[in-house]
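Chemist: Input: one structure, supplied below.
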Amino acid sequence: MSAPLPSDPATDPSFRDMLDTRPSLTMDARDGLLFEGVPLHVIAAAVGTPCWITGAETLRHRAKALRAAFEARNLPVNLHFAMKSQDHQATLTILRQCGYGVDIVSGGEMQRALHAGIQPSGIVFSGVGKSDAELRAAIEHDIAQVNVESVEELYRLDEIARACGRVARAALRVNPDVDADTHDKISTGRAGDKFGIEHRRAVALYGEAARLKNVRLVGLAVHLGSQMLTAGPFREGYMRLADMVREIRAAGHTVEAVDCGGGLGIRYRDEIAPSPDMLAGVIAETLGDLDVRLSIEPGRWLSAPTGLLLTRVIETKAGNPDFVVLDAAMNDLARPSLYESWHGIMPVAPNGLTSPTKLWDIVGPVCESSDIFARDRALPADTKRGDLIALLDTGAYGAVMSSTYNSRPFAAQVLIDNGKWDIIRQRQSVADLIAAETVPEWLTAARNDHG
Ligand SMILES: *Cc1c(COP(=O)(O)O)cnc(C)c1O
């Protein structure tokens, strides 16, 4: 379970704890908070705030560590980054260079992945409610596999593939009815969740699908949930998957591939984050001797710690409680208002670690009561207008979930790489927002304002 939004001052980690558990962050006596060695105040001065920062070395390091965990067990696995967590072209380029493919959930993501040079053979298409046009595009590009979410989608895929004169490779996404023990809004593998094909139906359907001429079923897929912190639900889900593989084979069908999904959690607050070795161990134990091609689709574990959201204090507001009003808001980072998620919030100034603190409610300027990043959170007692603040671990489900609510344009994005840094997305302007809108001529031509 993710920690609830109201912080618990008694157990919240200190700034020192946050630094010690995040190798990408350091505090410099003169320059204040550094991310991958670059002073954040320098970026804020040049680019303005709010600004998303991504650390390339952190991403590479995690990509390699995940791969290494499977290699250490001699367990070959295809790695597909769940790009819905962070879909920037630079991110995809780095992961392509690390040998990763992607897990996509829309035609738009497919276009992005192809643009970043990901080969179609490295693309797996998941997600409920793929449109005909999206399925057709997937078939035409001959991507590795479509993870089919329903009986209806399986037949639709067959029909569209027939019209294209192709045979589509597909896996059945099964719902193993396992409780991932995570937040309700990010659970995906329970019987009542909208995802996947019911466990008992899947075995029968696999046989039925063998008769389809334009779909070749290659195997099964699951995705149990997100921000999963313990081995138990993974083990339970994969054991059920293994049972299904055996049942399907016993009925005389071929199962070549098993897609284990994503869901590996990270430490946002004080969670004991599972290691890639835990995941590799559970997969080896449950699916390792089935002689199937294995793949995983991690999103958050790879991308969350690679990012932070740099923001400035607009003003503080004394009262009960005292408020810190930031220039970042729920339209930028939606997770706290959407999932009540806890993000580390750190002062950037050099004395941030040593100043006496007090408890603040930390909010954005959007006109919604839910535009709150944290309640009762410690920040320096002398926090004031103009101070820089970093919201940590925002690399996953951060910039990708932004909206332009309240006519707040998309924030700028910066990539840091080995001491270099550059803008990778210009701050959007309000003019950009307006430029996409048109007013029908009949609206302005025929009327005067008070007619
Ligand atoms: C979201 C999603 C993932 C990634 O989940 P994380 O918790 O970010 O690892 C993987 N597979 C599918 C099908 C998804 O929908």
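Chemist: What's the ranking of 82-95, 430-443, 64-77 by average number of surrounding C-beta atoms within 10 Å, highest first?
Modeler: Working: 82-95: 23.1, 430-443: 8.7, 64-77: 15.5.
Highest to lowest by the protection proxy: 82-95, 64-77, 430-443.
Chemist: Tell me the angle of helix 56-71 to the major Cα principal axis of the chain, expressed in degrees between 0 and 90 and rounded to the nearest ten.
Modeler: Compared with the principal axis, the helix lies near 30 degrees.
Chemist: Dividing the Cα radius of gyration by the Kirkwood radius, what Rg/Rh value follows for region 345-404? Don't skip to the end; give the middle numbers.
Modeler: On the way: Rg = 12.9 Å, Rh = 13.0 Å.
Rg/Rh: 0.99.
Chemist: Here's another thing I want to ask about it. Report the local net charge at residue 218: Lys and Arg +1, Asp and Glu -1, summed over other residues whose C-beta lies under 12 Å from its C-beta. Numbers along the way, then the final one.
Modeler: Working: positive: 169, 216, 293; negative: 256, 259.
After counting each charged neighbour, the total is +1.
Chemist: Which value at 222 nm does the chain reach when only helices count, each DSSP H run of 4 or more adding -39,500 (n - 2.57), with the total divided by all residues and rounded to the nearest 500 deg cm²/dmol?
Modeler: On the way: 14 runs with 134 residues, N = 451.
It lands at -8500 deg cm²/dmol.
Chemist: Here's a follow-up. Between residue 17 and residue 128, what length comes free when the chain is fully extended (0.36 nm per residue of separation minus the Cα-Cα distance, one decimal in nm)? List each step's numbers first, then the result.
Modeler: Numbers: separation 111, 0.36 × 111 = 39.96 nm, distance 3.95 nm.
Result for the pair: 36.0 nm of gain on full extension.
Chemist: Net charge around residue 82, counting only other residues with Cβ within less than 11 Å of its Cβ (Lys, Arg = +1; Asp, Glu = -1)?
Modeler: On the way: positive: 84, 300; negative: 87, 103, 109, 297.
Counting the neighbours of residue 82, the net charge comes to -2.
Chemist: If you don't mind, there's one more thing I want to ask. Let me make sure I get this right: for region 19-173, a, b and c are the square roots of the gyration tensor eigenvalues over alpha carbons, sorted descending. Under 1.5 in a/c it's rounded, otherwise prolate if a/b > b/c, else oblate. Which is it? If you can, show how the numbers build up before the last one.
Modeler: On the way: a/c = 3.20, a/b = 2.07, b/c = 1.54.
Taking the square roots of the gyration eigenvalues as a ≥ b ≥ c, region 19-173 is prolate.
Chemist: Could you order peptides 127-137, 325-335, 382-392 by the average number of other Cβ atoms within 10 Å of their residues, highest first?
Modeler: Per-residue mean Cβ counts within 10 Å order the peptides as 325-335, 382-392, 127-137.
Chemist: Next question. Tell me which aspartates and glutamates have Cα within less than 13 Å of residue 84's Cα, excluding those fewer than 8 residues away on the same chain?
Modeler: Hits, sequence-local ones excluded: 103, 109, 297.
Chemist: Where both residues lie in the chain, what percent of DSSP beta bridges are antiparallel, nearest 5?
Modeler: Values: 34 of 72 bridges.
Here the share of antiparallel DSSP bridges comes out near 45 percent.
Chemist: Further question on the same structure: Quick check: the angle from helix 231-250's long axis to the longest principal axis of the chain, C-alpha only, nearest 10 degrees?
Modeler: 20 degrees
Since every read-out is calculated from the coordinates, none of them should be taken as a lab result. Because the structure is a prediction, the values reported are computed rather than measured. When we count neighbours, we look across all protein chains shown, and the Cβ atoms used for this are built from the backbone with ideal geometry, even at glycine.
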